[in-house]
Amino acid sequence: MTEAQPAVIRLDGLHKTYARGRVLAVDGVSLSVPRGHVYGLIGPDGCGKTSILQVLAGVLSADAGHAEVAGIDVLRRPEAVKPLIGYMPQGLGLNLYDTLSVAENIAFFRALRQVPPTRFRDNAERLLAMTRLSPFLDRPAGKLSGGMRQKLALICTLIHLPDILLLDEPTTGVDPISRRDFWSIIHDLVATRDVTVLLTTSYMDEAERCTRVGLMNHGRLIAEGTPAQLCEALPGRLVSVSGAAPQTVLPRLAAWPQTLATALFGREVHALLDDGCIDVAARLQADGIGPVEVQDIPPGLEDVFVHRVAHGGAGVDAPPPVLSAGNADTTVAPVRTDTLTCRFGSFTAVDAVDLAVEPGEIFGLLGPNGAGKTTLIKMLCGLLRPSAGRAQVLGIDLSRGRDRRRLRARIGYMSQRFSLYRDLTVRANLDLYAGLYALPRGQRAERIDTLLGGLELSTYAQRVTRDLPSGLRQRVALAAALLHEPRLLFLDEPTSGVDPLARREFWDLVHLLARGSRITVLVSTHYMDEAEHCDRLGLMHQGRLIAVDAPDALRARAGREGGPVVAVDASDFAAAYQVLHEAFPDAMLYGRRIQWQTATPDTDTDRARTLLAGAQVDGDLRQLGLTMEEAFVHFVSRSEADHA
């Protein structure tokens with residue numbers, strides 16, 4: 001498989017407008033995807049990614065340009081392309097019927113695609129085995145977890161074994177384990193059947209798995225290449241600064257003329273500098289900050305994305321702290337639990353959790369769908385009564401109903417889904433929530449103005465909420481959670497489906513709240529890169545807290561227990577994957593790289609080298625440290641083995 005292969009998907013100068021030409025969604029996009037490649041489109045909300053997939057799927061017309069799939073002109077013959085493709089729309093299983101069982105949904109799509117019985121039986125058995133959904137054939141689709149819904153949606157998309165897949169944010173809201181299963185299926189199809197995939201994603205770690213990536217903004221394709229090429233082309237020098245208070249380092253770095261971008265990551269500040277020779281530590285010390293530790297770090301796709309979408313502008317001064325924590329007691333843990341348990345009938349959702357969260361800490365909960373994260377947060381917010389064990393939040397005992405009601409006035413809560421009123425303006429929503437929190441009328445306007453300014457929402461105050469992009473809606477929800485100046489903030493998957501630039505801006509605000517205002521934050525997330533923003537992580541699985549520590553400590557521990565990662569870089573990555581996957585079933589494709597964690601890295605390296613040489617496939621082998629995803633998978637796999 002080489003770049004010289006003819007393109008299976010081709011766009012040339014594609015244009016698409018809405019609202020009678022007033023809204024330009026796709027502006028002259030040209031790209032091509034060779035057979036057997038995985039091409040990822042990434043970009044902010046509303047940049048045109050979904051419109052491109054819908055045009056290629058034959059469900060949306062275009063105003064100008066050319067769109068071709070497997071040699072078929074999609075704009076002239078949209079119906080001709082549909083039998084050749086598998087198309088998954090955006091959303092958790094939106095192509096499914098919730099009242100039908102898993103088996104009935106699969107049978108429906110078999111009938112829709114007119115798949116012959118023998119071919120259907122073989123395909124269904126293989127796909128059910130790959131997705132591990134065989135035990136759930138009788139379960140209604142409406143009662144599946146998010147990850148299971150997406151895997152069933154993928155089965156229904158693949159039941160006729162198409163050669164071309166169009167996947168619109170297929171894993172948004174799906175936990176890391178299910179996402180790993182999902183990508184295993186995609187890579188198996190690419191390597192064994194030369195399937196061609198065009199997908200959109202908001203996960204930067206998923207974009208790293210693509211053969212080629214296109215960055216979009218304002219309807220245009222602004223950069224294109226392999227993940228490695230895009231990262232290598234990032235201008236300047238990326239550094240990590242630690243050892244001093246991030247809230248003091250960030251504005252100082254952002255003010256330097258040499259700074260292209262800044263971001264907060266846990267207790268570190270990352271800065272992209274256009275001067276590779278500047279002595280960052282000495283310069284900060286001269287500014288009265290230090291001593292600090294400065295390290296050069298390799299850029300990732302998120303750094304490329306943020307720099308290109310923001311047009312490489314200078315770092316923006318950090319917004320001022322938007323509230324004060326008042327007379328918060330910084331000596332008592334804001335959250336402390338003792339064997340906290342929640343049962344629904346015979347099902348144990350949270351199983352004897354012991355947890356202590358420190359004042360001003362950002363504590364992250366990471367776990368698969370159904371691990372118990374949301375149930376735990378709801379108990380800590382006083383929304384669910386514990387079945388057993390004890391919990392104290394801000395010194396309040398949650399075993400008493402009266403105290404649980406008293407707690408709600410002292411905490412802020414952002415739910416998984418946007419919970420404000422979409423038909424009200426931003427200011428009207430905040431005014432409504434100020435009333436619900438019983439803020440004195442004389443203080444409401446000043447408080448709302450402070451939040452609108454601090455969260456950079458002032459220009460949107462009179463906009464109807466439904467008309468805002470998801471990144472701004474999420475900031476409005478944060479403002480509502482902060483109206484009553486809580487000392488403890490609960491964020492339940494607050495950035496699911498939000499583009500990387502909006503996510504980074506959101507996390508800068510969260511860091512400033514925690515560092516500058518001493519607000520304690522407890523957050524659940526599915527994004528592996530967001531885990532790096534937390535001071536400590538609690539990994540949850542099957543209702544249990546299976547590991548608690550700082551992100552780097554968890555990675556180091558997983559590496560000690562399970563070994564490093566063996567990585568293979570091969571130009572003919574599909575051939576290399578086929579050779580290695582049988583011997584190393586945990587091997588995964590990351591773009592052109594194949595990798596797996598192993599407790600016997602030297603033995604695996606020698607064996608892989610021998611297998612590749614025997615198949616006459618060239619490959620460079622090396623050993624790497626673990627990413628957060630690999631550490632997470634290690635702990636979850638060990639927990640499953642311990643509690644089989």
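Structure above, values below:
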read-out: Residues located in the stretch 488-497, provided they are surrounded by 23 or more Cβ atoms within 10 Å (Cβ to Cβ) and outside any strand (DSSP E or B); value: Pro494, Thr495
read-out: Residue in the stretch 104-142 that is surrounded by the fewest Cβ atoms within 10 Å (Cβ to Cβ), counting only those that are without any contact (Cβ under 8 Å) to a residue 40 or more places away in the chain and under 27 Å from the mean Cα position of the chain (by Cα); value: Ala129
read-out: Matching residues in the stretch 41-83 - criterion: being under 22 Å from Ser496 (Cα atoms) and either of a type in the set (Ser, Thr, Tyr) or not assigned by TED's automatic domain parsing to the domain that holds Asp163 (or both); value: Thr50, Ser51
read-out: Filter pass, Arg252 being more than 25 Å from Gly360 (Cα to Cα), among the basic types (Lys, Arg) and outside any loop (DSSP other than H, G, I, E, B); value: no
read-out: Only listed residue being among the small types (Gly, Ala, Ser), more than 26 Å from His533 (Cα to Cα) and over 26 Å from the mean Cα position of the chain (by Cα), chosen from Ala587, Ala575; value: Ala575
read-out: Residues of the stretch 76-93 satisfying the condition of being more than 29 Å from Arg179 (Cβ to Cβ) and crowded, with 17+ Cβ neighbours inside 10 Å; value: Pro78
read-out: Residue list for the stretch 77-103, restricted to those being among the small types (Gly, Ala, Ser) and either over 12 Å from Ile159 (Cβ atoms) or over 25 Å from the mean Cα position of the chain (by Cα) (or both); value: Ala80, Gly91, Gly93, Ser101, Ala103
read-out: Criterion violated by Leu96 - all others in (1) in a helix (DSSP H, G or I); (2) surrounded by 15 or more Cβ atoms within 10 Å (Cβ to Cβ); (3) not β-branched (Val, Ile, Thr) satisfied; value: (1)
read-out: Unmet criterion (only one of (1) at pLDDT below 90; (2) over 21 Å from Thr200 (Cα atoms); (3) not in a helix (DSSP H, G or I)) for Asp138; value: (1)
read-out: In the stretch 145-168, residue nearest to Glu68 (Cα to Cα) [restricted to those that are in a loop (DSSP other than H, G, I, E, B) and modelled with pLDDT of 85 or more]; value: Asp163
read-out: Checking Val566 against (1) outside any helix (DSSP H, G or I); (2) among the hydrophobic types (A, V, I, L, M, F, W, C); (3) closer than 21 Å to Ile185 by Cβ, the condition it does not meet; value: (3)
read-out: Every residue from the stretch 280-300 that is over 29 Å from Ala228 (Cβ atoms) and either charged (D, E, K, R) or in contact with a His (Cβ under 8 Å, 6 or more places away or on another chain) (or both); value: Arg283, Asp287
read-out: Qualifying residue in the stretch 443-460 (condition: loosely packed, with under 15 Cβ neighbours inside 10 Å, assigned to a strand (DSSP E or B) and more than 31 Å from the chain's Cα centre (by Cα)); value: no
read-out: Residue match in the stretch 60-69 (condition: closer than 26 Å to Val309 by Cα, in contact with a helix residue (DSSP H, G or I) (Cβ under 6 Å, 6 or more places away or on another chain), modelled with pLDDT of 95 or more and not in a loop (DSSP other than H, G, I, E, B)); value: yes
read-out: Residue in the stretch 421-436 that is surrounded by the most Cβ atoms within 10 Å (Cβ to Cβ), counting only those that are within 30 Å of Gln392 (Cβ to Cβ) and in contact with a helix residue (DSSP H, G or I) (Cβ under 7 Å, 6 or more places away or on another chain); value: Tyr433
read-out: Residue that is modelled with the lowest pLDDT, among those in the stretch 507-546 that are part of a strand (DSSP E or B) and touching a Cys at 6+ places or on another chain (Cβ under 9 Å); value: Thr525
read-out: Leading residue by the ranking (modelled with the lowest pLDDT) among those in the stretch 33-59 that are charged (D, E, K, R) and part of a loop (DSSP other than H, G, I, E, B); value: Asp45
read-out: Looking only at the stretch 542-572, and only at residues there that are of a type in the set (A, V, I, L, M) and more than 24 Å from the chain's Cα centre (by Cα), the one that is surrounded by the fewest Cβ atoms within 10 Å (Cβ to Cβ); value: Ala570
read-out: Criterion violated by Ala245 - all others in (1) under 30 Å from Leu53 (Cβ atoms); (2) exposed (fewer than 15 other Cβ atoms within 10 Å of the Cβ); (3) of a type outside the set (Val, Ile, Thr) satisfied; value: (1)
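The values are calculated or read from the model by the stated rules, or taken from the named source; none is laboratory data. Being a predicted model, the structure only gives us computed values, none of them experimental. Here the Cβ is made from the backbone with ideal geometry for all residues, glycine too, and neighbour counts use every protein chain on show.
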